[in-house]
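*Asks:* Structure in structure tokens, see below.
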Amino acid sequence: MPHEERILVCKSIEDVHEAITTLAVRGAPAIGIAAAYGMLLGLEDGYSLKDELTKRAEYLVNARPTAVNLSWAVDRILKIIDTSGPGDILELLEREAVTIHEEDRVACGRIGEHGVSLIDHGMNILTHCNAGALAVSELGTALAPIYCAKERNLDIHVYVDETRPLLQGARLTMYELMRAGVDCTLLTDNMAAHLMSQGKIDLVLVGADRIAANGDAANKIGTLNLAVLCQYFDIPFYVACPTSTLDSDTATGADIVIEERAAQEVTQLGGVAIAPEGADVRNPAFDVTPASLITGIITEEEIMVVGSITS
Ligand code: MRU
């Protein structure tokens, strides 16, 4: 993307694992949905089904550590083994994977409905990374309110951070929004402060990969920069995600494991070197925004005032 839109067919759990690690499928909810189906590819009934699924769960969860939706989805598949009554177990497992997928689709629609209440005519909205249809089952999380606003003929404009180093904003969000006919403008990540200082941004909407029990939110690297800027310029900063991204088992953002990715993602652009060979590099894929900087979290259930997450 954005040059070619191609359907990738995964025929084995290894294919799904590779798709997740190489970001062919990315975005927290989409990773969870893919993993739920991946758990079942090539699976055959037998008395060691539980052992096999436990092994598969471990393998998939290690593909990427930060998005909680991955372990949440494979745990749901595992629970079917323990709780299912009589019936075709493979069919029950498949039904659960389809349910996870369908629930996400419905959640996105509701996030859109809740989130659009924050949007008025003439607003300029800034988003980071891609939390749209290409990151979930349908519509997206941070982009869902934007699609709803478009559907309601609200006159809005969206600024899109390109999102270094892998350019999910430029490649994916711009692609999605332009295809949907949403007015949008691409920015490099270091332009946000300038636009905010000129009063050009009214609202920031981003997704999340994991939200700790105290409301701290992990999302694509660069999200924290925006939250800090929003506080300085007094701009509302909202995180949109399904409740499957809320992790009550993780106490605070400090407990969230941040994925560190390959140096080449930073030293190369489109396969071309942009730094001297051997340059020392850091490449954390996510950062954590403290709850104190988040105005609210938009879920399928409600817009939560941060600090009140208990489950
Ligand atoms: O590394 P990625 O592309 O998987 O990162 C994606 C993000 O950070 C998204 O904002 C997040 O997963 C929410 S997707 C609805």
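The values are calculated or read from the model by the stated rules, or taken from the named source; none is laboratory data. In this text, all values refer to a predicted model and were calculated from it rather than measured experimentally. Quick reminder, even Gly has a Cβ in these numbers, built from the backbone with ideal geometry, and neighbours come from all protein chains shown. Remember, those area values only see protein heavy atoms, side chains included, never the ligands or the DNA or RNA. Shrake-Rupley method; radii C 1.70, N 1.55, O 1.52, S 1.80 Å.
*Asks:* Out of Asn214, Asn219, which single residue is in the same structural domain as Asp287 (by TED's automatic domain parsing), under 27 Å from Val68 (Cα atoms) and assigned to a loop (DSSP other than H, G, I, E, B)? Don't jump to the end; show me each part of the working.
*Replies:* Details: Asn219 fails: assigned to a loop (DSSP other than H, G, I, E, B).
Answer to the selection: Asn214.
*Asks:* Determine, yes or no, whether Ala254 is assigned to a helix (DSSP H, G or I) and open to solvent by 30 Å² or more (accessible area, probe 1.4 Å). Before you say what the answer is, go through the steps one by one.
*Replies:* Details: assigned to a helix (DSSP H, G or I): yes; open to solvent by 30 Å² or more (accessible area, probe 1.4 Å): yes.
Judged against the criteria, Ala254 is a match.
*Asks:* Now for a separate question. Within the bounds of region 127-147, is there any residue that is among the small types (Gly, Ala, Ser) and either away from the ligand (no atom under 15 Å from the Cβ) or open to solvent by 60 Å² or more (accessible area, probe 1.4 Å) (or both)?
*Replies:* Within region 127-147, not a single residue is among the small types (Gly, Ala, Ser) and either away from the ligand (no atom under 15 Å from the Cβ) or open to solvent by 60 Å² or more (accessible area, probe 1.4 Å) (or both).
*Asks:* From the list Pro276, Pro290, Pro242, pick out the single residue that is assigned by TED's automatic domain parsing to the domain that holds Ala142, away from the ligand (no atom under 16 Å from the Cβ), within 25 Å of Ala107 (Cα to Cα) and at pLDDT 95 or above. Show your work before the answer.
*Replies:* Numbers: Pro276 fails: within 25 Å of Ala107 (Cα to Cα); Pro242 fails: away from the ligand (no atom under 16 Å from the Cβ).
After applying the criteria, what remains is Pro290.
*Asks:* Right, another one. Would you mind finding the one in Glu44, Glu14, Glu18, Glu52 that is touching a Gly at 6+ places or on another chain (Cβ under 8 Å) and either more than 14 Å from Ser71 (Cα to Cα) or among the aromatic types (Phe, Trp, Tyr) (or both)?
*Replies:* Glu52
*Asks:* Go through region 280-311 and give me each residue that's aliphatic (A, V, I, L, M) and touching a helix residue (DSSP H, G or I) at 6+ places or on another chain (Cβ under 6 Å).
*Replies:* Of the residues in region 280-311, the ones aliphatic (A, V, I, L, M) are 281, 285, 288, 291, 293-294, 297-298, 303-306, 309.
Matches in region 280-311: Val281, Val288, Leu293, Ile298, Ile303, Val306.
*Asks:* A further question on this structure: Looking only at residues that are modelled with pLDDT of 95 or more, more than 21 Å from Gly132 (Cβ to Cβ) and open to solvent by less than 30 Å² (accessible area, probe 1.4 Å) in region 23-52, which one is nearest to the ligand (Cβ to nearest atom)?
*Replies:* By that ranking, first place goes to Gly38.
*Asks:* Right, next: I'd like to know if region 117-124 contains one or more residues that are touching a residue at least 40 places away in the same chain (Cβ under 8 Å), within 12 Å of the ligand (Cβ to nearest atom) and of a type outside the set (Ser, Thr, Tyr).
*Replies:* no
Yes/no matrix, rows are residues, columns are (1) part of a loop (DSSP other than H, G, I, E, B); (2) under 22 Å from Gln231 (Cα atoms); (3) modelled with pLDDT under 95:
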position	(1), (2), (3)
Ser117	no, yes, no
Cys148	no, no, no
Ala170	no, no, no
Leu177	no, no, no
Leu195	no, yes, no
Ile201	yes, yes, no
Val204	no, yes, no
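*Asks:* The conditions are (1) open to solvent by 30 Å² or more (accessible area, probe 1.4 Å); (2) out of contact with any Gly (no Cβ under 9 Å at 6 or more places or on another chain), and Pro236 fails exactly one of them. Which is it?
*Replies:* Against the list (1) open to solvent by 30 Å² or more (accessible area, probe 1.4 Å); (2) out of contact with any Gly (no Cβ under 9 Å at 6 or more places or on another chain), Pro236 comes up short only on (2).
*Asks:* Among the listed residues Leu226, Leu269, Leu246, Leu293, identify the single one that is open to solvent by less than 20 Å² (accessible area, probe 1.4 Å) and not acidic (Asp, Glu). Write out each step before concluding.
*Replies:* Working: Leu269 fails: open to solvent by less than 20 Å² (accessible area, probe 1.4 Å); Leu246 fails: open to solvent by less than 20 Å² (accessible area, probe 1.4 Å); Leu293 fails: open to solvent by less than 20 Å² (accessible area, probe 1.4 Å).
After applying the criteria, what remains is Leu226.
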